[in-house]
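Have a look at the structure below, then the notes.
The values are calculated or read from the model by the stated rules, or taken from the named source; none is laboratory data. Quick caveat: nothing in here was measured; it's all calculated off a predicted structure. We place every Cβ from the backbone using ideal geometry, glycine too, and count neighbours over all the protein chains shown. SASA here: full protein model, heavy atoms, side chains in, ligands and nucleic acids out. Shrake-Rupley method; radii C 1.70, N 1.55, O 1.52, S 1.80 Å.
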Amino acid sequence: MSFFDPTSIHTIAVDLDGTLLNSKSRISPLTHAVLQKAIDQGKNLVIATGRRFYSTFSFAKEFRGEVHVVSNNGQILRRSPDAERLSESYLRPDLVRDILFLGKEFHTPPILHVDTFEEGVDMITETPITDGMYHSYSGGDHSRTRAVGDLLSADLEKILVVCFLSLRKEDLDSLTRKMESLPSAAGLRCIITKIPGVSYCAEIINGSVSKWSGISRFLESKGLDGKGVVSFGDERNDLEMLLQSGAGFAMKNAISEIRENAKYVTRYSNEDDGVALALVENGIVSF
């Protein structure tokens, strides 16, 4: 039984990997049907993810009607199906330059996520993304990645995220501790996650930005409040979203830190339509 009023829910905010998607990286037929029903019943759907917008856009377009996408852990808010950018948050070029200088001693050059979706480029690297050092990051998709030889010589005006990869989490922990010692680090935030089948990933973004700040920008544009949001997530970068929402659900398959701190936990995992069944069982969606 829910301890919130399901009739007060106006927005469904859902993480992508490990939450909305199953292990085959698909939205299951039942989950799709329930979320489409939610949209048809007047609910807002917001996909909030650490992924770049391009790799999330195709999932948003599976639904009829308007879907909003908070991508790059809150750096960008866009709308589907027209892909219009509604808000953005870029790293200051001088901060990026400081990070790049410090990262020169790291064994793997970083990946810079850039906001040039319309120009067909989402990431820039020093060597092609197909290089083994990137552990098949983004599936090795090179169609929207540009290698520039030296990142310090690149245009640093629209950088969303600086991303470092490693098979050893302790390497990233060490790197981020050094990042925190930078005089300019007060304006930065580092998120370390494990990308299944790839590696550990340290993402440096603006300190004031998160999935929840992206969702908040959406809510402000609609004149809505956070109490009417039900959210779902499974990883550390979902915690603020789950705690700030009126009803925050950790997935059954979430990491223990998330399950222990979230207000609610789904009865089923992402493999078993956990999001869809929670929405129906708690009376948020009539299905």
Relative contact order, percent, region 152-246 [alpha-carbon distance under 8 Å, six or more residues apart]: 23 percent
C-alpha center-to-center spacing [region 43-105, region 117-143] in angstrom: 16 Å
The chain, dipole about Cα centre (Lys/Arg Cβ +1, Asp/Glu Cβ -1), debye to the nearest 20: 400 debye
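If the viscosity is 1.306 mPa s and the temperature 10 °C, what Stokes-Einstein diffusion coefficient in µm²/s follows for the chain when Rh is the Kirkwood radius over Cα pairs?
On the way: Rh = 19.2 Å.
Here the translational diffusion coefficient equals 83 µm²/s.
Got a number for carbon plus sulfur as a percent of region 93-206's accessible area, 1.4 Å probe? Please report the intermediate quantities before stating the final value.
On the way: 2690 of 5150 Å².
That share works out to 52 percent.
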Environment charge at Ile255 (Cβ cut-off 15 Å; Lys +1, Arg +1, Asp -1, Glu -1): -3
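Please report the antiparallel percentage of DSSP beta bridges with both residues in the chain, rounded to the nearest 5. Don't jump to the answer; show the numbers that get you there.
On the way: 28 of 48 bridges.
The antiparallel proportion sits near 60 percent.
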Positive-pole candidate from Leu219, Gly233, Gly207, dipole of region 163-264, charges at beta carbon: Leu219
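Per residue, what accessible area does region 93-206 have, given a 1.4 Å probe and all protein chains present, in Å²?
Heavy-atom SASA per residue in region 93-206 reads 45 Å².
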Stokes-Einstein translational diffusion, region 93-206 - Kirkwood Rh over all Cα pairs, 0.890 mPa s, 25 °C, in µm²/s: 173 µm²/s
Distance between region 232-287 and region 11-34 - C-alpha centres, whole angstrom: 12 Å
Region 144-184 and region 185-200: distance between their alpha carbon centers, rounded to Å: 10 Å
Estimated 222 nm signal from helices in the chain, with DSSP H stretches of n ≥ 4 weighted -39500 (n - 2.57), rounded to 500: -7500 deg cm²/dmol
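Quick one: net charge around Phe232, please, counting Lys, Arg +1 and Asp, Glu -1 for every other residue with C-beta under 10 Å from its C-beta.
On the way: positive: none; negative: Asp15, Asp234, Asp238.
Taking every Cβ under 10 Å from that of Phe232, the sum is -3.
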Most positive-pole-ward Cα, Thr49, Ser286, Val148, against dipole of the chain from beta carbon charges: Ser286
Whole-Hz couplings from phi, Karplus 6.51/-1.76/1.60, listed for region 170-187; x for Gly and Pro: 5, 5, 6, 4, 5, 4, 5, 5, 5, 4, 5, 7, 5, x, 8, 5, 4, x
